[in-house]
Amino acid sequence: MDARSPETTPAERRLRREAQSAAMRERTLALRQAGATYAAIARDLGLSPERARQVVFKAERLARAPHWYDDLPDRAVHLLRGHELLDRPELEAAHALAQLSARELMRTPNFGQVSLNALRGWLAGHGLKLRPESAHAFATRLRREHSQTRSGAPARERPSDSDDGPLAAGRNKTTTPCPYYPTSGD
């Protein structure tokens, strides 16, 4: 039987898992700072010793050197990584993200409304908004970007359209007899 509740959406379940992971990291960090070994932490949390070590390392890294994007959902962080914004200072990354529209962000695979709302809230904390864009402007921009990437020669310069080139269509000087049907002269 499926243990998932039909009343929750996948986004809600993902956010709940992320909250549970954060709580587990806090608990492992407290145990480690109290002097517990990885094996003891693993027994306490019902994890393998290797997984307990991984959780402790992440918790220690977050406590020792926090990043400005640590509080954002993972999918929002992946989008920022895709736009190469994680290495920038927070305010510079916020200004760069504000140059994009919600439609552009939603075109990203595995990026949904929950992550979009998290980024909107993060931008609002900096006094910024995503760039507004109408459906017409979005479609026009996509057409313009697509037309710039098309390659190939213009139609009138193609070899098959020339009148005197070696590949001139339908202009053979000699005809080749068909080997399957004898001609009347045979």
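Scoring 93-101, 125-133 by mean Cβ neighbours within 10 Å over their residues and listing the highest first yields 93-101, 125-133. Treat region 42-85 as a sphere of radius equal to its Kirkwood radius over Cα pairs and apply Stokes-Einstein at 10 °C in a medium of 1.306 mPa s; give the translational diffusion coefficient in µm²/s, rounded to a whole number. The Stokes-Einstein estimate is 131 µm²/s.
So what is the relative contact order of region 10-81, in percent, for Cα pairs below 8 Å that sit 6 or more residues apart? Once normalised by length, the contact order is 28 percent.
Please report 108, 37 as a ranked list, fewest other C-beta atoms within 10 angstrom at the top and most at the bottom.
Numbers: 108 16, 37 13.
In increasing order of surrounding Cβ atoms, one gets 37, 108.
Expressed as a fraction of 2.2 N^0.38 Å, the C-alpha radius of gyration for region 74-125 is 1.01. Given R₀ = 41 Å, what would the calculated FRET efficiency be for residue 142 paired with residue 88, taking r from the Cβ atoms and rounding to 0.05? According to the calculation, E is roughly 0.95.
Readers should treat all values here as calculations from the given coordinates under stated rules, not as data from a laboratory. Worth saying up front: this structure is predicted, and the values here are computed from it rather than measured. Note that each Cβ is placed from the backbone with ideal geometry, even for glycine, and that neighbours are counted across all protein chains shown.
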